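Novice: Let me give you the structure first, and then I'll get to my questions.
The values are calculated or read from the model by the stated rules, or taken from the named source; none is laboratory data. Given the structure is predicted, the values throughout are model-derived calculations rather than measurements. Neighbour counts are summed over all protein chains in view; Cβ atoms, including those assigned to glycine, are modelled from backbone coordinates with ideal geometry.
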Amino acid sequence: MFGAINSKHTKKIMLLGAGELGKEVIIEAQRLGINTIAVDRYANAPAMQVAHKSYVVDMLDGQALKEIIIRERPDFIVPEIEAIATEMLVELEGEGFKIIPTANAVHLTMDREGIRRLASEKLNLPTAKYEFADSLAELQNAVVTIGVPCVIKPIMSSSGKGQSICRSLDDVKKSWEEAVEGGRGKKTRVIVEEFISFNSEITLLTVRSISGTHFCPPIGHIQKDGDYIESWQPHQMTAEQLEQSEQIAAQITDALGGYGLFGVELFLTDNGVYFSEVSPRPHDTGMVTLATQDLSEFALHIRAVLGLPIPQIRLNSPGASKTLKASRESADYEIHGVLEALASKDSQIRIFGKPNAVVGRRLAVLLQRGETAEAALADAREAHAKLSITYGKSEQ
């Protein structure tokens, strides 16, 4: 199975989505001698910089994607972003192509409607109350039904784009405009969610593999405008909370099926654990595992995808992560302070190599180990404060 690159026996993985998470997936695949192809909507994306081959294509153009897949005939097709022509993936799976974890799982989790209906209506998992709307008028009615404050999101988006908290009926129009502008794809449908008062929110990385289902130690995180800015591992939880979280994660991932790593997002409240979302791929908050675990979330994902055993997941050290984001738009930017940040004890940094800075786009992540997760987070913040970004003349 694991022959030399270019051998006729070498397995081939095609990654649909080539951002910073995909870059780490490609690296882990190559460590196991896999031929790698990265596909995304823009040139020189992070994973393209390390893949054996790459393609630039509109990810929502099913025919264009299909032509590339038929040409390359990969052994595994690994979606790494939400905005993909999933109907084409379902069709290709029927023709014998291997979609990770399954084409149905990718289709259901592509937008928030499919996965929310599966979790709430079919599996009866505890979730926030929700409504959907296709117009401003429908949104106004949905907000009245759910009540304020509530959370309004596009059914398809990434990095929290288009998400807002609607605190009064006067905010509905603005929330609608933000959701439509921040959504991906051609849909203008939005979801309105009950505002859950939670004590903390976690990601429970769940791995379905030939060895069964495994859970990484829980990861706590802080989001701003729907996008993660800090995470730490392990997050302190009661035994009861952890058991309930693992039960929910096992139910939703079993329903999705297939092999691979899933990022299951959960709210910890005074009334128990609530399901929030699930991604059938490595999770941004899980970048902390690059510093904390013997096998990162990316290594676990590739092992599971290839059908390799995962006998145990070990936490080598508590740790934390903190993202570095762009504040301006520019094709000419530079990250400063790396030497100073890495002078801090047990600090690491991953610079993603994104070709352009866009407001709010993650350009790097600071990783930190520590005696405790709390100590690691404090040290990560201190080291992160030494980093800065300058923007060149191409700034817009």
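Novice: When you look at Ile115, is it over 30 Å from Lys23 (Cβ atoms), outside the structural domain of Leu21 (by TED's automatic domain parsing), under 20 Å from the mean Cα position of the chain (by Cα) and hydrophobic (A, V, I, L, M, F, W, C), yes or no?
Specialist: no
Novice: Then there's this: Looking at segment 85-112, which of the residues that are in contact (Cβ under 8 Å) with a residue 60 or more places away in the chain and under 14 Å from the mean Cα position of the chain (by Cα) is nearest to Thr10 (Cα to Cα)?
Specialist: Val106
Novice: Checking Arg71 against (1) assigned to a helix (DSSP H, G or I); (2) surrounded by 15 or more Cβ atoms within 10 Å (Cβ to Cβ); (3) at pLDDT 95 or above, which single condition isn't satisfied?
Specialist: The single condition Arg71 does not satisfy is (2).
Novice: Where residues in segment 285-295 are of a type outside the set (A, V, I, L, M) and surrounded by fewer than 24 Cβ atoms within 10 Å (Cβ to Cβ), which of them is farthest from the chain's Cα centre (by Cα)?
Specialist: Asp294
Novice: Right, next: What number of residues within segment 140-155 satisfy the criterion of being within 13 Å of Glu178 (Cα to Cα) and not in a strand (DSSP E or B)? If you could, list the steps in order and put the result at the bottom.
Specialist: As a first pass, look at segment 140-155 and keep what is within 13 Å of Glu178 (Cα to Cα): 151-155.
Now narrow it down to the ones that are not in a strand (DSSP E or B): 155.
Within segment 140-155, residues that are within 13 Å of Glu178 (Cα to Cα) and not in a strand (DSSP E or B) number 1.
Novice: When segment 210-239 is examined, which residues are found to be surrounded by 16 or more Cβ atoms within 10 Å (Cβ to Cβ) and either free of Cβ contacts under 8 Å to residues at least 40 places away in the same chain or in a helix (DSSP H, G or I) (or both)?
Specialist: Pro218, Met237
Novice: Would you pick out the residues in segment 118-139 that are more than 19 Å from Val180 (Cα to Cα) and in contact with a strand residue (DSSP E or B) (Cβ under 8 Å, 6 or more places away or on another chain)?
Specialist: Result: Ala119, Ser120, Leu125, Pro126, Thr127, Ala128, Lys129.
Novice: Pick from Leu89, Leu15, Leu21: which is buried (at least 17 other Cβ atoms within 10 Å of the Cβ) and farther than 25 Å from Phe352 by Cα?
Specialist: Leu89
Novice: Which condition number in (1) touching a residue at least 40 places away in the same chain (Cβ under 8 Å); (2) out of contact with any helix residue (DSSP H, G or I) (no Cβ under 9 Å at 6 or more places or on another chain); (3) among the acidic types (Asp, Glu) is the one that Asp294 fails?
Specialist: (1)
Novice: In addition: Any residue at all in segment 192-209 that's assigned to a strand (DSSP E or B), on the phi > 0 side of the Ramachandran plot and either in contact with a strand residue (DSSP E or B) (Cβ under 6 Å, 6 or more places away or on another chain) or not hydrophobic (A, V, I, L, M, F, W, C) (or both)?
Specialist: Checked segment 192-209: no residue is assigned to a strand (DSSP E or B), on the phi > 0 side of the Ramachandran plot and either in contact with a strand residue (DSSP E or B) (Cβ under 6 Å, 6 or more places away or on another chain) or not hydrophobic (A, V, I, L, M, F, W, C) (or both).
Novice: If you don't mind, there's one more thing I want to ask. Quick test of your reading of the structure: Leu308 fulfils all but one of (1) part of a strand (DSSP E or B); (2) among the hydrophobic types (A, V, I, L, M, F, W, C); (3) within 28 Å of Leu15 (Cα to Cα). Name the failing condition by number.
Specialist: Going through (1) part of a strand (DSSP E or B); (2) among the hydrophobic types (A, V, I, L, M, F, W, C); (3) within 28 Å of Leu15 (Cα to Cα) one by one, Leu308 breaks only (1).
Novice: For segment 91-117, name all the residues that are farther than 14 Å from Val78 by Cβ and either touching a strand residue (DSSP E or B) at 6+ places or on another chain (Cβ under 7 Å) or hydroxyl-bearing (Ser, Thr, Tyr) (or both).
Specialist: Selection gives Arg112, Glu113, Ile115, Arg116.
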